[in-house]
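The values are calculated or read from the model by the stated rules, or taken from the named source; none is laboratory data. What you see is a predicted model; the values in this text were computed from it and never measured. Positions of Cβ are backbone-derived with ideal geometry, glycine not excepted, and every protein chain shown enters the neighbour counts. Accessible surface areas use protein heavy atoms only, side chains included; no ligands, DNA or RNA. Shrake-Rupley method; radii C 1.70, N 1.55, O 1.52, S 1.80 Å.
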Amino acid sequence: MKTNILTLFLALSFLSNAQTIPIIDSIFEQQLINLGHDVLHDGYVWIDSISSIDTLIITGHPFFEIDSLDGIEHFSNLQYLDCSNNNIDSLNLNQNTNLKHLNCSSNSIQTLIIDSLYALTVLDCSFNVLSGINLSGNPGITKLECFENDLSILDLSSNDYLGYLDCGENNITTLDLSTMDLNTLYCDNNALNNINLNNNTSLSWLLCYNNNLQAINLSDNINLETLNIGNVSSQQSNYSNNLS
């Protein structure tokens with residue numbers, strides 16, 4: 001009898017120390033089950049089963065799309081996250097401080113909070129509905145893809161290590177890129193009337209067609225190999241460059 005009581009006590013003690021977190025999105029939990037990180041579809045997941053995960057690929061497909069990533073903040077070791085092709089409208093990853101690579105493209109994201117991710121080097125947030133993005137806390141970014149959003153301003157003054165930038169298909173009016181040394185830039189189909197490419201001596205690929213440019217200074221861009229600065233009539237745009 002004493003042995004049974006002791007066993008029960010130890011079992012209850014273990015259960016009280018073991019922690020679970022809620023996963024409110026059913027598809028998110030099913031993705032975790034499919035990857036072997038969860039077993040029972042009950043709206044909860046054991047912290048011990050997710051705390052060591054460094055890579056999480058949970059891309060969606062039609063009729064199998066995640067609406068919320070609530071609970072992702074407990075993935076404390078996460079370094080690579082691909083949650084593209086879902087239906088997420090708000091994403092806060094500031095507690096995932098080890099994150100280095102984020103692909104959240106092709107969602108419905110209006111709010112993206114990543115300004116405490118100092119380790120982040122690659123960000124793809126394309127095909128969303130972002131009207132703004134704060135990158136001031138991401139000084140290590142080397143590759144940024146944010147095309148097909150609703151951006152009118154893109155402040156990259158804190159991102160000196162950026163080498164690849166695709167910000168096409170937005171509403172950006174001015175770009176100051178003089179603090180970095182890009183090798184590739186896509187900024188086509190915007191409303192650009194001014195672009196500063198000073199100091200970008202490594203720039204080899206530049207596409208900035210269908211904008212509102214009257215002039216552009218390429219004197220520092222001595223390694224340019226590909227340049228498209230005209231207008232492409234096959235792509236719908238409210239703007240056209242008029243370079244003299």
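General remarks:
- Kirkwood Rh and Cα Rg combined as Rg over Rh, evaluated for segment 156-228: 0.92
- Sequence-separation-based contact order of segment 29-160, relative, with Cα cut under 8 Å and 6+ spacing, percent: 16 percent
- Restricted to Cα atoms, segment 188-244 shows a radius of gyration and a Dmax of 11.3, 33 angstrom.
- Accessible area ranking (1.4 Å probe, heavy atoms, ligands and nucleic acids excluded), largest first, for 164, 44: 44, 164.
- Beta bridges from DSSP with both residues in the chain: antiparallel share about 10 percent, rounded to the nearest 5.
- Neighbours of residue 67, meaning other residues whose beta-carbon lies under 10 angstrom from its beta-carbon, give a summed charge of -4 when Lys and Arg score +1 and Asp and Glu score -1.
- Highest average packing first - 24-36, 134-146, Cβ atoms within 10 Å: 134-146, 24-36
- Each peptide among 170-181, 102-113, 228-239 gets the average number of other Cβ atoms lying within 10 Å of its residues, and from highest to lowest they stand as 102-113, 170-181, 228-239.
- Computed from label points 7 Å out along Cα-Cβ, the spacing between residue 54 and residue 40 is 3.1 nm.
- Heavy-atom accessible surface of segment 57-131, averaged per residue, reaches 42 Å², computed with a 1.4 Å probe.
- Computed in the context of the full set of protein chains, the accessible area of segment 158-244 at 1.4 Å probe radius has 40% of its extent on carbon or sulfur.
- Cα-only Debye scattering, segment 115-244: base-10 log of I(q)/I(0) at q = 0.09 Å⁻¹: -0.23
- Computed on the Cα trace of segment 32-170, the radius of gyration divided by the Kirkwood hydrodynamic radius gives Rg/Rh = 0.97.
- Surface calculation, 1.4 Å probe, protein heavy atoms: residue 37 sits at approximately 50 Å² accessible.
- Positive-end residue, the chain charge dipole about Cα centroid, Cβ charges, pick of 189, 152, 75: 75
- Within segment 123-244: Cβ-based charge dipole about Cα centre, in debye rounded to nearest 20 (Lys, Arg +1; Asp, Glu -1): 160 debye
- Normalising the average separation of contacting C-alpha pairs (under 8 angstrom, six or more residues apart) by the number of residues puts the relative contact order of the chain at 9 percent.
- Per-selection Rg to Rh, the chain - Cα, Kirkwood hydrodynamic radius: 1.14
- Taken about its Cα centre, the chain carries a charge dipole of about 340 debye when Lys and Arg each add +1 at the Cβ and Asp and Glu each add -1 at the Cβ.
- Sorted on the mean count of surrounding Cβ atoms within 10 Å across their residues, most packed first, peptides 147-156, 61-70 read 147-156, 61-70.
- Summed residue charge, Cβ within 14 Å of residue 199's Cβ, Lys/Arg positive, Asp/Glu negative: -4
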